[in-house]
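A quick write-up on the structure given underneath.
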Amino acid sequence: MTEQDIAAQAEALRRQIEYHNYRYYVLDDPEIPDAEYDRLMRELQALEQAHPEIITPTSPTQRVGAKPREGFREVRHEVPMLSLNNCFSEDELRAFDRRVREGLKVDEAIEYVAEPKLDGLAVSLIYEQGELVLAATRGDGYTGEDVTANVRTIESVPLRLFGDHLPARLDVRGEVYMPVAGFRALNEAARKKGEKEFVNPRNAAAGSLRQLDPAITATRPLAMYCYAIGQVEGVALAETHHGQLMQLRDWGLRVSSEIERVKGVEGCLQYYQRMGERRASLPFEIDGVVYKVNRIDWQETLGYVSRAPRWAIAHKFPAQEEMTRVLDVEFQVGRTGALTPVARLEPVFVGGVTVSNATLHNMDEVERKDIRIGDYVIVRRAGDVIPEVVSVVLSKRAADVRKVELPTHCPVCGSAVIRLEGEAVARCSGGLYCPAQRRESIKHFASRKAMDIEGLGDKLVEQLIDNGLVEHVDDLYRLTVEQLVTLERMGEKSAKNLLDALEKSKHTTLARFIYALGIREVGEATARALAAHFRSLDKLREASEEDLQQVPDVGPVVAGHIHTFFRQPHNLEVIDHLIETGVHWDEPEAPQAEALPLQDKTFVLTGALQNMTRDEAAEALAALGARVTSSVSKKTSAVIVGDKPGSKLTKAEKLGVTVLDEAAFRELLENPENAASLSGE
């Protein structure tokens with residue numbers, strides 16, 4: 001047999017195995033018994049062992065084999081992996097449906113796609129020319145971790161797509177989970193070995209997927225269901241969400257057989273009830289169901305709010321609850337000085353974990369629920385949500401219970417505690433001088449979404465403060481190798497790495513810097529909006545409350561917090577010290593009133609640009625006042641096209657939207673005053 005014949009025989013075996021994987025995992029309709037499948041796999045393994053030169057990366061035999069790694073590489077999602085808003089009652093679901101119909105200006109019952117909400121780990125799979133090239137965790141929605149080697153070990157994830165007319169590039173989103181039976185078997189094996197057991201299937205799935213050694217992941221019974229498309233190039237997609245899921249199934253990707261099209265709120269509620277009744281008998285754990293508007297054009301019309309789509313919602317099942325006793329109530333001080341009452345409980349097993357602490361939120365909540373020390377209470381925990389005290393069991397209240405009193409002085413620094421009229425939250429007046437606030441402020445400042453100081457974790461921050469090396473955030477940039485090597489587990493190399501990371505973090509963006517300051521109620525989105533509006537830290541510092549309220553999503557309360565922050569001398573002093581140490585960003589010249597030529601223009605990017613990334617292109621457009629979106633509509637001003645554009649180009653041409661290649665795009669950036677001729681006016 002010639003080498004060519006051997007390679008052809010191996011490829012034929014691979015195709016047979018891929019077909020039977022498709023029948024087994026995707027259609028749930030196997031054609032052959034397990035013994036026959038095993039025979040095909042052994043035949044392929046024997047052939048590849050005898051002729052290693054014919055092994056391909058996508059061969060079914062190659063699900064294990066990558067070497068253990070030292071860490072996970074960060075991956076930037078080209079299309080963000082958004083989270084979903086939740087509802088917990090029929091009234092909330094009806095309110096969601098009403099908002100959908102109002103947004104679409106229709107009275108008819110909406111067709112939704114209903115599906116179980118798996119309790120696992122969200123993952124993005126990237127296929128190029130039909131082959132799996134990248135798998136990444138959701139992370140913060142914008143940046144995740146490269147877990148390609150581990151995902152390749154999951155048998156229900158095809159290494160190569162199935163069928164004809166495959167997309168040139170496909171970003172598909174799904175949930176990696178551990179089936180209940182596999183979880184039980186895994187824990188049974190751990191018990192026999194005397195090893196620590198996993199608490200629940202979700203933790204088991206997350207821990208298994210994030211193993212640095214893919215060979216360990218390969219031993220874990222993981223599976224995956226796909227539920228959405230993030231991006232596609234080279235093929236036209238169906239015009240409904242359900243149709244797109246069927247396309248994924250045709251390409252060999254696993255889609256839940258529990259997915260149904262339902263009509264209106266009543267259809268959603270019936271599906272919710274059916275899944276709730278079957279929840280305990282399902283082969284996987286779910287914590288609710290998800291409803292999505294079926295029509296894609298309606299999804300695009302509804303759009304997004306913050307980090308969640310307006311056209312989808314998760315309907316959560318009632319949280320698991322248990323009864324326990326409040327032993328004491330202590331007050332924790334957060335980075336903004338907020339005092340949060342925390343109940344210390346008799347340990348109780350709730351939602352798969354042992355709970356001994358629960359948040360009481362604020363004194364208004366304590367008073368409203370009349371929670372007292374010594375009371376028996378109902379504790380609720382839903383998924384990863386912090387445990388909370390739901391209610392008091394008044395029938396079990398003893399005579400010696402004690403009322404919870406708000407301390408008059410900060411339990412950390414002794415400063416006076418202030419509770420403003422009309423506010424539920426009490427705060428320490430110690431500001432940046434309170435050790436509790438200082439610790440949390442520095443941790444927040446160094447975090448990934450803020451200054452992104454790699455290697456400066458919580459424990460190291462604690463050491464720096466406890467050893468008197470850092471009092472305020474600007475002290476971080478004055479650290480020396482000689483100081484750092486005195487710390488526990490900090491050698492000279494680690495010290496130099498940290499100083500390099502600090503030096504690297506000095507070049508940031510205005511939005512990140514604003515977020516890093518830790519201003520009350522200023523999150524990432526608000527920080528980006530402030531940076532885009534003022535484009536200068538000086539202008540932001542000088543802004544009045546009225547000026548601040550001109551920024552989208554900044555109301556009177558947030559404007560007041562920002563204005564107050566920039567009127568505090570110690571805050572301005574810290575900012576000045578940070579800039580003196582070299583913290584900087586690329587700040588454009590202050591624009592004149594007419595200097596935003598792309599104001600009110602909307603652009604869509606598709607394909608790969610040669611001379612800049614999509615993020616860089618989006619930032620360049622935003623600097624000129626433009627808005628960048630992910631979907632094409634009649635209101636789109638122009639679609640910017642790079643190499644291998646996807647269906648967005650086809651849609652742009654169909655709608656008559658202006659299309660710019662990279663050369664024309666660069667010309668637009670250099671001469672934005674020529675934007676008047678663009679479509680979408």
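Annotation for GLU90 and SER536: the two label points, set 7 Å from Cα along the Cα-Cβ direction, are 5.8 nm apart. Across the range 396-428, the residues whose backbone nitrogen lies under 19 Å from the label position 7 Å along the beta-carbon direction of VAL557 are 418-428.
With R₀ set to 41 Å, the beta-carbon distance separating THR629 from GLN483 gives a calculated FRET efficiency near 0.30. What a 1.4 Å probe finds exposed on the chain is 48% carbon and sulfur by accessible area, rounded to a whole percent. When the charge dipole of the chain is built from unit charges on Cβ atoms (+1 for Lys and Arg, -1 for Asp and Glu) and taken about the Cα centre, the candidate among LEU121, GLY234, LEU502 whose Cα reaches farthest toward its positive end is LEU121. Qualifying GluC sites (Glu not before Pro) in the range 519-566, where qualification requires a DSSP coil assignment and no more than 16 other C-beta atoms within 10 Å, comprise GLU521. Farthest towards the positive end of the charge dipole of the chain, among the residues HIS570, GLY523, ALA215, is the Cα of ALA215, using unit charges on the Cβ of Lys, Arg, Asp and Glu.
Segment SER395..HIS51, full-extension length gain: 116.3 nm, with 0.36 nm per residue of separation and the alpha-carbon distance subtracted.
Taking every protein chain into account, the accessible area of the range 58-182 amounts to 43 square angstrom per residue (probe 1.4 Å). Put a dot 7 Å past the Cα of ARG419, heading toward its Cβ, do the same for GLU492, and the two dots end up 5.6 nm apart. With each label modelled as a point 7 angstrom along the Cα→C-beta vector, the TYR304-GLN599 pair spans 2.5 nm.
Extension gain for ILE6 to ARG279 (0.36 nm times residue separation, less C-alpha to C-alpha distance): 93.4 nm.
For ALA168, the residues whose amide H sits under 5 Å from its own are GLU233, GLY234, VAL235, ignoring neighbours fewer than 5 places away on the same chain, with H placed 1.01 Å from N. For the range 344-492, the Cβ-based charge dipole about the Cα centre amounts to some 640 debye (Lys, Arg positive; Asp, Glu negative; other atoms uncharged). FRET efficiency for the pair HIS507 and LEU269, taken as 1/(1 + (r/R0)^6) with r the Cβ-Cβ distance and R0 = 56 Å, rounds to 0.60. Applying a 4.7 Å Cβ-Cβ cutoff to the chain leaves CYS87, CYS226, CYS268 as cysteine residues with no disulfide-compatible partner. Legend: calculated FRET efficiency, GLU102 to GLU195, from the Cβ-Cβ distance at R0 = 60 Å, rounded to 0.05, equals 0.65. Of the listed values [x] 164; [y] 201; [z] 211, grab the one calculated as volume of the Cα convex hull per residue in Å³ from the structure here. Here volume of the Cα convex hull per residue in Å³ agrees with entry [z].
From helices alone, the chain scores -10500 deg cm²/dmol at 222 nm; the rule is -39500 (n - 2.57) for each run of n ≥ 4 DSSP H residues, then divide by the residue total.
Note on the chain: dipole from Cβ charges, positive end direction compared against LEU282, THR613, ALA204; the farthest Cα belongs to LEU282.
Heavy-atom accessible area for TYR19, with the other protein chains in place and a 1.4 Å probe, reaches approximately 70 Å². Distance from the alpha carbon centroid of the range 593-651 to that of the range 327-386 works out to 47 angstrom. About its Cα centre, the dipole of the range 394-468 is roughly 320 debye, where the only charges are +1 on Lys and Arg Cβ and -1 on Asp and Glu Cβ. Does the range 85-147 come out rounded, prolate or oblate, given a ≥ b ≥ c as the square roots of the eigenvalues of its C-alpha gyration tensor, rounded meaning a/c under 1.5 and, failing that, prolate meaning a/b above b/c? Note, shape of the range 85-147 comes out prolate. If you place +1 on the Cβ of every Lys and Arg, -1 on the Cβ of every Asp and Glu, and leave all else neutral, what size is the dipole of the chain about its Cα centre, to the nearest 20 Debye? Magnitude of the dipole: close to 1520 debye. Evaluating 6.51 cos²θ - 1.76 cosθ + 1.60 at θ = phi - 60° for every residue in the range 403-409, the Karplus couplings come out as 5, 8, 10, 5, x, 7, 10 Hz, glycine and proline recorded as x.
The values are calculated or read from the model by the stated rules, or taken from the named source; none is laboratory data. If you're wondering where the values come from, they're calculated on a predicted model, not measured in any experiment. Neighbour counts run over all protein chains shown; Cβ positions are idealised from the backbone, glycine included. Please note that ligands, DNA and RNA were not included when accessible areas were found on the heavy atoms of the full protein model with its side chains. Shrake-Rupley method; radii C 1.70, N 1.55, O 1.52, S 1.80 Å.
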